[in-house]
1. Contact order normalised by length for segment 316-474, with contacts defined as Cα pairs under 8 Å and 6 or more residues apart; what percent is it?
2. From Cα pairs below 8 angstrom and at least 6 apart in sequence, can you work out the relative contact order of the chain, rounded to a whole percent?
3. Can you tell me how much longer the chain between residue 438 and residue 405 gets when fully stretched, taken as 0.36 nm per residue apart minus their C-alpha distance, in nm with one decimal?
4. On a 0 to 90 degree scale, rounded to 10, what angle separates helix 419-428 from the longest Cα axis of the chain?
5. At 7 Å along Cα-to-Cβ for each site, give me the label-to-label distance between residue 446 and residue 218 in nm.
6. Taking the chain as the reference, fit the longest principal axis to its C-alpha atoms, fit the long axis of helix 63-92 to the helix C-alpha atoms, and give the angle between the two in degrees, 0 to 90, nearest 10.
7. Calculate, for residue 303 and residue 133, the FRET efficiency according to 1/(1 + (r/R0)^6) with r their C-beta to C-beta distance and R0 60 Å; round to the nearest 0.05.
8. Ranking 12, 188 by Cβ neighbours within 10 Å, fewest first, what do you get?
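A short reminder: the numbers here are calculations on the coordinates, not readings from a lab. Just so you know, these numbers come straight off a predicted model, no measurement behind them. Backbone-built Cβ (ideal geometry, glycine too); neighbour counts: all protein chains shown.
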Ligand code: NAD
């Protein structure tokens, strides 16, 4: 009998009414290790009701008490991050050190949110009019939903919930069905940290759960991260239901290598950013754009670094883990097949990998494909696997045009020693996050994370000041303490004097 991974509602495990479940697998062995509950509408309503019931008291909890709870969560998570990393590896497949890195990036947002009192300060204008003072405050929204993808089961929810909770909201997390246990583990940690029941809830499920979160009037805002078609759907449905929505979508990230770049450093960066986490990162580099004369030497350097990489079970001493499911592994491999059929050159072929892991694991080794052209599906589609394509262009302008013509605009990078070229790129490229000799330019927690174009629907990026604004709304108070001089009838629009 495998374990059923359930919901967390009002500070306790909630089994729900629905009998529907989905399998959860260990990608390194192919073994079904558990079954995740798939909520029906009544289950979703039960969890949403718990978040709604907890909101008034949490909203009125002092900033001092709220931040003390956040500090306690931070300490507990830091002390026990190894446990969380192991859970991530067992359901996602990424190597344990990478899972620890994911938790560390999430912790940065918790630390940022510990400073919420400073971020929630409003303005105050004394005597804006005679004996009239005006001030602004920011208030929480209510229960909010966070719907997350499989690739960062801890970090992506942590882009949102520390800020949401610190600002006085209550949350319902809907994890990916593929790796649902990390959110449940974090729920128990919040309880240990002293968070009141009902402030942090976990709703397991699929489209049924998502649709209820998008339409239930008790949910005031939705933060979604996932593929572009679903992000578009979530944004359209949630905003039509009157909610504030930020929906982060898919990506196709390019790294431009100019002829003057340090090719050894650039090749290291391509390998790390192309194959880390088996390419299942929304900020992975999937297209290396080699400008002018560099291509042959650059491809050779990337290939010599790629061949020795060891693919295997993420709990062992390996460089790269498996893909998340067999279906996803086969889909990624089919793009390599299509690239080959379209005439691209397979320089390193991950399809023939000899993994250090179970015979039934979802293995695909790092794959380097050269001479990829923009009409090939291996270039046009988001593959989300360990496949690095090299596109050869003659000039900087050609590289820029290629990136700006792409429907996605999540991350990009340029490798050069020319400050002028880098500055021009930063100015001209239509992408939300730009690296200069940095392949994965994920912003620090006190800046905001988010792409442009089909990589984000909505106005607000995640965390940083945009995150604080997303999870609060502004109110301006005009105040006058009456004295005998304030009398009389005047129906005209108030004039300031
Ligand atoms: P996904 O879109 O399949 O799933 C994301 C979430 O949506 C999950 O919780 C899932 O249960 C739910 N969902 C799936 N189908 C749905 C439907 N028909 N209706 C309503 N909800 C549905 O994404 P994924 O495969 O889990 O994650 C990979 C994708 O996420 C990639 O496209 C990647 O680029 C993207 N991603 C983007 C960012 C970013 O910051 N822009 C970060 C991480 C991942």
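1. Dividing the mean separation by the residue count of segment 316-474 yields 15 percent.
2. After rounding, I find 18 percent.
3. So the chain would gain 9.7 nm between residue 438 and residue 405.
4. Taking the Cα atoms of the chain, the angle to 419-428 is about 60 degrees.
5. The modelled label-to-label distance comes out at 3.8 nm.
6. 20 degrees
7. 0.30
8. Going from least to most buried by this count: 12, 188.
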